[in-house]
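The values are calculated or read from the model by the stated rules, or taken from the named source; none is laboratory data. Since this is a predicted model, take the numbers as computed values, not measurements. Counting neighbours? That spans all protein chains shown, and the Cβs are built from the backbone with ideal geometry, glycine included.
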Amino acid sequence: MDFATIRRFEAGGLRAWPAETVSYDGTWVLRLTAGHPSKRLNSVNPLDPGDDRNIAERVERAVHQFEAYGRVPTFRVSPLCAGAISTYLDEAGWRTFGESIVMSLDLENAPLGEAMDQIPLKDTQRFVNATLKVHGYEETLRSGLSRVIAAIRPETGLFVLEEGDEPIATAICVRDGSLAGLFEIATQPDRRGKGFGRRVLLSALKWARSHGAEMAWLQVEADNEAALRLYKSLGFREAYRYHYRQPGTQVAERTKKKKS
């Protein structure tokens with residue numbers, strides 16, 4: 001995938017899943033969120049392969065900003081990150097983890113004929129209740145997740161598949177121009193492999209298509225084989241990958257002490 005298209009996906013991701021605090025150092029986007037520990041919401045995102053000036057100074061500034069916020073300094077390394085940044089982090093002993101795949105789907109090729117019509121929820125609290133249960137999230141995430149969803153500016157569909165009053169599967173679809181991003185996709189552990197995830201995703205994709213989206217995209221951890229099988233069965237294909245970098249345990253422990 002060319003850099004222009006990757007930039008389009010990356011920009012869509014920043015808008016679709018907004019951080020509480022955003023600052024810039026050149027084309028490095030620093031995202032911090034007190035109410036939610038997600039790496040996507042608490043990371044430095046370099047967005048220009050040519051922006052590799054004064055790396056040591058800028059990394060140090062980012063480290064101080066994250067420590068002051070009570071977060072472990074984290075870089076999200078996508079194809080838009082200058083190679084010199086990765087080299088610097090390697091030499092400084094930063095570890096690599098959390099490889100993820102961005103996948104895309106031309107909605108003209110999506111199997112929407114088998115999708116059921118589903119009206120997205122208007123009740124954010126009801127959706128958050130379902131998401132906490134389906135994902136198994138701790139109650140402490142309720143407020144932060146609610147604020148993240150409330151802060152999304154593009155058109156958003158909240159989807160919950162239920163049996164009676166029991167939530168079975170969830171998905172958020174953010175329609176931003178011709179792009180539709182999918183987030184918080186999950187199925188109750190004891191209901192997986194029975195088609196519920198496919199059903200909720202197809203409903204979200206059908207809604208996105210009917211509202212003008214032409215391309216859908218999502219992010220999935222590279223080792224999540226079950227999710228990859230599902231997405232590939234719907235026609236999603238790998239677009240590019242990214243991973244995260246964090247410093248050694250010494251800095252992480254210092255950050256935890258400051259937070260406590």
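Restricting attention to the stretch 81-103, the residues being assigned to a helix (DSSP H, G or I) and in contact with a Lys or Arg (Cβ under 8 Å, 6 or more places away or on another chain) number 2.
Yes or no, residue by residue, for (1) over 27 Å from LEU228 (Cβ atoms); (2) surrounded by fewer than 18 Cβ atoms within 10 Å (Cβ to Cβ); (3) without any contact (Cβ under 8 Å) to a residue 40 or more places away in the chain:
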| site | (1), (2), (3) |
| --- | --- |
| ALA4 | no, yes, yes |
| ARG8 | no, no, no |
| ALA11 | no, yes, yes |
| ALA34 | yes, yes, no |
| ARG61 | yes, yes, yes |
| ASP90 | yes, yes, yes |
| PHE97 | no, yes, no |
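For the stretch 34-50, the set of residues classified as of a type in the set (Ser, Thr, Tyr) and touching a strand residue (DSSP E or B) at 6+ places or on another chain (Cβ under 7 Å) consists of SER43 only. For ALA68, state whether it is surrounded by fewer than 16 Cβ atoms within 10 Å (Cβ to Cβ) and of a type in the set (Gly, Ala, Ser). Yes, satisfied. Put simply, of VAL72, VAL59, VAL44, VAL63 the only residue that is at pLDDT 95 or above, assigned by TED's automatic domain parsing to the domain that holds TRP28 and within 16 Å of the chain's Cα centre (by Cα) is VAL44.
The criterion of being buried (at least 20 other Cβ atoms within 10 Å of the Cβ), under 17 Å from GLU108 (Cβ atoms) and in contact with a helix residue (DSSP H, G or I) (Cβ under 6 Å, 6 or more places away or on another chain) does not hold for ALA169. Checking ALA115 against (1) within 23 Å of GLN219 (Cα to Cα); (2) touching a strand residue (DSSP E or B) at 6+ places or on another chain (Cβ under 8 Å); (3) aliphatic (A, V, I, L, M): exactly one of these is not met. Which one? (2) is the only condition that ALA115 fails. The number of residues in the stretch 195-206 being surrounded by fewer than 22 Cβ atoms within 10 Å (Cβ to Cβ) and touching a strand residue (DSSP E or B) at 6+ places or on another chain (Cβ under 8 Å) comes to 2. Residues in the stretch 221-260 that are exposed (fewer than 14 other Cβ atoms within 10 Å of the Cβ), at pLDDT 85 or above and not in a loop (DSSP other than H, G, I, E, B): 7 in all. Among the residues of the stretch 1-26, those identified as under 21 Å from PHE183 (Cα atoms) and assigned to a helix (DSSP H, G or I) are THR5, ILE6, ARG7, ARG8, PHE9, GLU10, ALA11, GLY12, GLY13, LEU14, ARG15, ALA16.
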